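The values are calculated or read from the model by the stated rules, or taken from the named source; none is laboratory data. Here the structure is a predicted model, which means the values were calculated and not measured. Every residue, glycine among them, receives a Cβ derived from its backbone with ideal geometry; neighbour counts consider all protein chains shown. Accessible surface is based on the protein model in full, side chains and every heavy atom, while ligands, DNA and RNA are left aside. Shrake-Rupley method; radii C 1.70, N 1.55, O 1.52, S 1.80 Å.
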Number of protein chains: 2
Amino acid sequence: MPASPAKSPSIKEHDPAPKTGASRRRAGRPAAAVLDLAGITAAALRLIGKNGYDGLTMAALARSLHVAPSALYNHVESKRDVLLLVEDHLAALVDVTAFAAEPWESAVRKWAWSYRDVFAEHTPLIPVIAVLPVTDAPQTLAMYETVSAGFRTAGFPAERIVSAIVALESFIFGSAYDVTAPADIFESGRMAESTPSFTGAVRSLAAQGHEKPADEAFSLGLEALIVGFGALRK
Amino acid sequence: MPASPAKSPSIKEHDPAPKTGASRRRAGRPAAAVLDLAGITAAALRLIGKNGYDGLTMAALARSLHVAPSALYNHVESKRDVLLLVEDHLAALVDVTAFAAEPWESAVRKWAWSYRDVFAEHTPLIPVIAVLPVTDAPQTLAMYETVSAGFRTAGFPAERIVSAIVALESFIFGSAYDVTAPADIFESGRMAESTPSFTGAVRSLAAQGHEKPADEAFSLGLEALIVGFGALRK
DNA sequence: ACTACTAAATGAATATCATTCATTTAGTAG
DNA sequence: CTACTAAATGAATGATATTCATTTAGTAGT
């Protein structure tokens with residue numbers, strides 16, 4: 001059962017500000033570059049927003065940029081690289097501002113909800129992020145930095161910070177899938193009689209009439225993690 | 001951002017024991033069926049075990065069964081159905097026996113570790129399971145039944161059981177990915193100076209010299225969830 | 001034994017993708 | 001004006017899942 005090798009990508013971008021002087025290129029550069037990473041990222045997001053991840057094909061992406069599919073490969077090594085660009089863009093949308101101003105508990109709470117909400121709309125990225133070396137995603141790394149600093153300031157023992165963040169993140173990724181699950185996911189259907197405890201539990205939850213069951217589960221788990229981890233602080 | 005429609009599958013199986021009498025088929029059945037769902041499942045698992053999920057193609061699956069690819073479609077509606085068969089087979093491997101004999105805390109602990117371990121080897125199934133209606137997966141449903149019954153017996157309020165299980169499952173799925181992450185996933189590399197808190201936390205964890213960092217995070221999160229949820233019992 | 005019926009298997013398309021590569025295009029530096 | 005080069009092109013290539021008309025081969029009823 002060999003897992004996918006998880007190769008590190010090599011997204012190709014060049015000096016954005018070609019400084020004069022020694023660091024200048026030896027030969028001339030064509031200025032008329034139609035494509036760049038920011039443009040590719042924006043186009044990919046536009047496409048995903050309109051047609052979902054099924055709509056994100058290299059051909060469609062190229063078409064939306066008025067370019068041949070092969071042109072993309074001058075800027076990106078594979079489709080996975082495109083997904084990485086999108087992922088890192090989204091990481092910047094996760095709200096970490098509360099770590100600067102609020103107590104640890106509410107900062108974690110806000111961060112986690114925001115993180116879940118962002119990636120619930122982008123679950124196809126989860127398998128990519130989950131095993132992605134942070135080196136390859138600067139904005140994601142920036143998010144980790146802010147969160148780590150918040151944990152440190154709150155009195156977390158240094159050697160536990162990463163594990164706590166990883167655990168929270170795992171919970172967040174899994175919960176992001178739940179958001180997209182169909183409403184009837186727990187209908188036991190024809191097997192209802194043979195599963196009385198589960199069927200009863202499902203009915204009992206349904207009787208509560210929550211609009212978003214996924215939010216109940218997320219809240220329940222998140223608060224437990226916050227209380228549990230909060231006890232580690234010194 | 002339309003999520004994938006999550007269509008319910010229709011795996012085709014027929015009366016395994018053709019009872020004589022009124023329920024008999026009108027016309028004859030060819031007995032020489034080379035394929036059946038159990039065989040397809042076993043072959044898929046064999047293939048995955050040998051070459052990973054990349055090796056699981058309909059062509060390879062058919063070849064391993066000495067059959068034309070199109071023959072599979074007499075038994076299965078799509079490749080997703082094959083993945084469902086595999087998933088449900090794996091659900092039966094998750095250890096729920098502790099719910100019959102041990103206190104709630106240790107039963108949950110054993111179940112969760114077992115669940116994570118099984119699916120850490122099969123992360124490509126996670127996006128499939130996470131949004132899968134339980135109706136389509138009898139063994140998975142059986143697992144839920146045992147776990148629900150354990151929660152009920154332990155004094156859990158009925159209306160919280162499903163949410164608690166979902167939260168645990170979310171954490172488990174996310175954690176299964178971690179197991180497969182590369183060891184250097186947190187190397188901040190060139191950006192180390194700009195991320196002092198995070199880099200420090202990573203080093204501090206590394207200094208502990210744990211063999212499996214993913215296990216540390218899983219243990220930390222799981223114990224927090226167990227304590228937090230345990231408090232809900234009456 | 002003959003016939004009708006049917007599940008299941010076949011083999012040949014189809015369609016959709018990502019990706020590769022030899023070649024062309026068009027800026028720029030010296 | 002020349003040399004150089006990043007970037008774009010267009011035409012393959014190779015996987016892949018899936019469809020479909022057709023064939024195969026059991027079985028039940030007569």
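The table that follows gives values for the structure above.
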| quantity | calculated |
| --- | --- |
| Summed residue charge, Cβ within 14 Å of A:K212's Cβ, Lys/Arg positive, Asp/Glu negative | -4 |
| Of B:K110/B:K212; B:K12/B:K79; A:K234/B:K234; A:K79/B:K212, those spanning more than 23 Å from alpha-carbon to alpha-carbon | A:K234/B:K234; A:K79/B:K212 |
| Average beta-carbon neighbours from other chains, 10 Å sphere, peptide A:125-132 | 4 |
| Backbone HN-Hα couplings from phi across the range A:210-225 [Karplus 6.51/-1.76/1.60, Hz, Gly and Pro as x] | 5, 6, 10, x, 4, 5, 4, 5, 5, 4, 4, x, 5, 5, 5, 5 |
| Kirkwood-type radius of the protein assembly as shown, with distances r between different C-alpha atoms, in Å | 24.4 |
| Pseudo-label separations to other copies for A:E105 - Cα-to-Cβ vector, 7 Å, nm | 2.2 |
| The range A:52-201 - percent relative contact order, Cα under 8 Å, separation 6 or more | 22 |
| B:V34 versus A:S194: modelled label distance in nm, points set 7 Å from Cα along the beta carbon direction | 3.1 |
| Using a 7 Å Cα-to-Cβ projection, A:P182 label spacings across copies, nm, ascending | 3.8 |
| Descending semi-axes in Å of the range A:75-212, equivalent ellipsoid built from Cα gyration tensor | 33, 22, 13 |
| Selection of chymotrypsin sites (Phe, Trp or Tyr not before Pro), the range B:103-188, meeting DSSP coil and at most 12 other Cβ within 10 Å | none |
| Fraction of accessible area attributable to carbon and sulfur, the protein assembly as shown (%, probe 1.4 Å) | 55 |
| FRET efficiency estimate (nearest 0.05) - Cβ-Cβ, B:D184 to B:A100, R0 30 angstrom | 0.10 |
| Nm distances between copies for A:A92, ranked from closest, using label points 7 Å along Cα→Cβ | 5.1 |
| Computed [θ] at 222 nm, helices only, for the protein assembly as shown once each DSSP H run of length n ≥ 4 contributes -39500 (n - 2.57) | -18000 deg cm²/dmol |
| Share of pairwise Cα separations in chain A, more than 22 Å, in percent | 64 |
